[in-house]
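K.L.:
Submitted below is the structure of interest, expressed as structure tokens.
We did not get these values from a lab; they are worked out from the coordinates using the rules stated. As the structure is a computational prediction, the values presented were derived from the model and not from experiment. Cβ sites come from the backbone with ideal geometry, for glycine too, and all protein chains shown count toward neighbours.
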Amino acid sequence: MIRTITRLLLYASLIFFAWYLYQLDYLVFDDVQINGPLFILSLLFLFAGFILSGISWGYSLKVHGYKIPVLFAIFSHGFPVFAKYIPGKIWVILGRASYVASEKIPLKNASMISLKEQLIYLTLGLMISILPVFLFIGNPWFGLMILLSAAGIIFVLFSPLFHRLLLNILGRVLKRPVEIPLIKIADALKVSRIVVLYWICWTIAFYLLLISVFSRDSTFLMAFAFPVSVTYGVLAIIMPGGIGVREGILTAFLTAGGLPLENAVTLSILSRLWFVAGEIFMFLTAFVIKISGKASGYSVYPSTWQKAKPENR
């Protein structure tokens, strides 16, 4: 059953990803001049962030008592990377969880751990951007919006009272029980160490992209518009991959920070294609791991597929 789910998920994600690329046929960058070395360097930081995101997924499992090889963590995180383009964010959570699910790691447990890591990722994406946004954007409402969003997620994740209240509201709206795990602060802090690292890589990568195209009007503080836009793109459940949402928020923040509107729009669209290059890299990395036999099954790692001893919690 799980094998069938993973195969269908892979095929569906590739189809929706192909459809998304087809929608980009109207993009034209005739007047864009890119600094080649800076652009390549931005890609290297982008790729490093993706690898760290796979490692973070494996570490999240370890924190909860399930130890898997690092290469398999990267594979299971990268192979379904295009699932985000399937409408409904459940596939982002279920995709990597379905690849590690087994008799030793139940699918439900893997899915809950995946959701926890995703929520921590969103929270940190907002938190690292709050102060820079207040500093470089003259309009305090932008910073206040981010602050309230981060506070809302934190309350839902760590406060039993707000947690139950949200679940009750969602249950009534959706007319079915909703399960969102209550995260222990100790677990969140452990996972956060790696999540912060790949957010740093991606923020630096975006800044390098920014100055590779518009070095004259750019400042480093503008780079923090990227984690904000990505986070709200993920939170936009209806739009596949945050299409349109991420670009709109990124454009708004960059123009508020002083970048000309035309440049901000160009960069927001270019950054989407740039990030897609990172997703393709992650998928190809996972594919290489698979065909090399490093992710062919549990028998490849007979000594490592076991219930790990949870870290001090």
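K.L.:
At 7 Å along the Cα-to-beta-carbon direction for both Leu144 and Ser292, put a label point, then send me their distance in nm to one decimal.
P.N.:
With each label point 7 Å from Cα toward Cβ, the separation is 5.2 nm.
K.L.:
Search the structure for amide H atoms under 5 Å from the amide H of Lys67, placed 1.01 Å from N in the peptide plane, and list their residues when 5 or more places away or on another chain.
P.N.:
Close amide H contacts, sequence-distant or interchain: Gln306, Ala308.
K.L.:
Explain nothing, just compute: Karplus ³J(HN,Hα) = 6.51 cos²θ - 1.76 cosθ + 1.60, θ = phi - 60°, for every residue of the stretch 141-154 in order, whole Hz, x for Gly and Pro.
P.N.:
Karplus-based 3J(HN,Hα) across the stretch 141-154 equals 5, 4, x, 5, 4, 5, 4, 5, 5, 5, 4, x, 5, 4 Hz.
K.L.:
Let me ask something additional. Of the peptides 262-270, 124-132, 205-213, how do they stack up when ordered by the mean number of other Cβ atoms within 10 Å, highest first?
P.N.:
Going from most to least packed, we get 205-213, 124-132, 262-270.
K.L.:
Also, I was wondering about something else. Within the set Lys67/Lys190; Lys62/Lys184; Lys62/Lys190; Lys108/Lys290; Lys67/Lys108, which residue pairs have Cα atoms separated by over 18 Å?
P.N.:
Violating the 18 Å Cα-Cα cut-off are Lys108/Lys290.
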